[in-house]
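**Student:** I am attaching a structure below and will ask some questions about it afterwards.
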Amino acid sequence: MTDVVERKEPELRVGVPVWWHMRGFKMAVSELDATKRTLRITGSAAEIIIRPARSIAPGMDGWYVDWRVSTNKAFEVGGRGRVYLGDDDLKAAFGLPVDDFYNDDETIERYGGQMASRGKFIRWSGYLNIPCPGTGHDGDPNVSIEVDDNMRQAVAQLLG
């Protein structure tokens, strides 16, 4: 099992990484469907949905994480996308122990963090961005999440 150790402290702004948005404090588990193995985490301006990859691509292992961020709800302005995460990617993103994870040292060296997978996520302590670091300001095409125990437990349930 790979130990999750602090790799490089990111530049901080008011105690959080500069690449992380303060709206991440508002993100919370809004739905966990154990039967379909789906998890929805939502906030005031963003959401992610984690579901088995085989629900979209039959026969495929791993997870699809759909993310959406809204910068102007009235005009439906924002960003959305989908990333693929293997089991250990998902564990690393949410701060669970991992067995076999390739940590993106280049991203960590540049932005600071504990765990990263280029184009998928970056995390330092409980501060997670999907799919990438940002400026920490409105308009970034990524979702910031403060990972809490409820989220970690929900992800652990998904993984079974």
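Taken together, the values in this text are just the output of simple stated rules run on the coordinates, not laboratory data. This structure is a prediction, so every number in the text was calculated from the model and none was measured. All Cβ positions, glycine included, derive from the backbone under ideal geometry; neighbour counts span all protein chains shown.
**Student:** In percent, what relative contact order does segment 1-73 have, based on Cα pairs under 8 Å that are 6 or more apart in sequence?
**Tutor:** Relative contact order for segment 1-73 comes out at 18 percent.
**Student:** Between segment 8-33 and segment 45-124, what's the alpha-carbon centroid distance in Å?
**Tutor:** 14
**Student:** Ok, one more. Size of the dipole of the chain about the Cα centre, Lys and Arg at +1 and Asp and Glu at -1 on the beta carbon, nothing else charged, in debye to 20? Spell out each step's value before the answer.
**Tutor:** Working: 20 positive and 24 negative charges, 123 e Å.
Magnitude of the dipole: close to 600 debye.
**Student:** ³J(HN,Hα) across segment 142-158 via Karplus (A = 6.51, B = -1.76, C = 1.60, θ = phi - 60°), whole Hz, x for Gly/Pro?
**Tutor:** 8, 10, 9, 9, 8, 6, 10, 4, 4, 5, 4, 5, 5, 5, 4, 5, 4
**Student:** Tell me, what is the percent relative contact order of the chain, built from C-alpha pairs under 8 Å that lie six or more residues apart? The partial results should precede the final answer.
**Tutor:** Numbers: 356 pairs, mean separation 44.0, N = 160.
Contact order relative to length: 27 percent.
**Student:** Taking a cut-off of 27 Å between Cα atoms, list the lysines near K36, but don't count ones fewer than 8 places away on the same chain.
**Tutor:** Once the sequence-local lysines are set aside, what remains near K36 is K26, K91, K120.
**Student:** Something else now. Could you work out the helix-only [θ] at 222 nm for the chain, with each DSSP H run of four or more residues adding -39,500 (n - 2.57) and the total divided by the number of residues, to the nearest 500 deg cm²/dmol?
**Tutor:** Values: 3 runs with 25 residues, N = 160.
Computed mean residue ellipticity for the chain: -4500 deg cm²/dmol.
**Student:** Quick check: pseudo-label points 7 Å beyond the Cα along Cα→Cβ at A34 and D99, how many nm apart are they?
**Tutor:** 2.3
**Student:** With a 10 Å Cβ neighbour count serving as the proxy for reagent exposure, in which order, fewest first, do S144, S30, S117, S125 appear?
**Tutor:** Details: S144 27, S30 12, S117 22, S125 15.
In order of increasing Cβ crowding within 10 Å: S30, S125, S117, S144.
**Student:** Bin width 10 Å, alpha-carbon pairs only: give the P(r) of segment 12-159 as whole percents, running from 0 to the bin holding the largest distance.
**Tutor:** All Cα pairs considered, the percentages come to 12, 44, 35, 8, 0.
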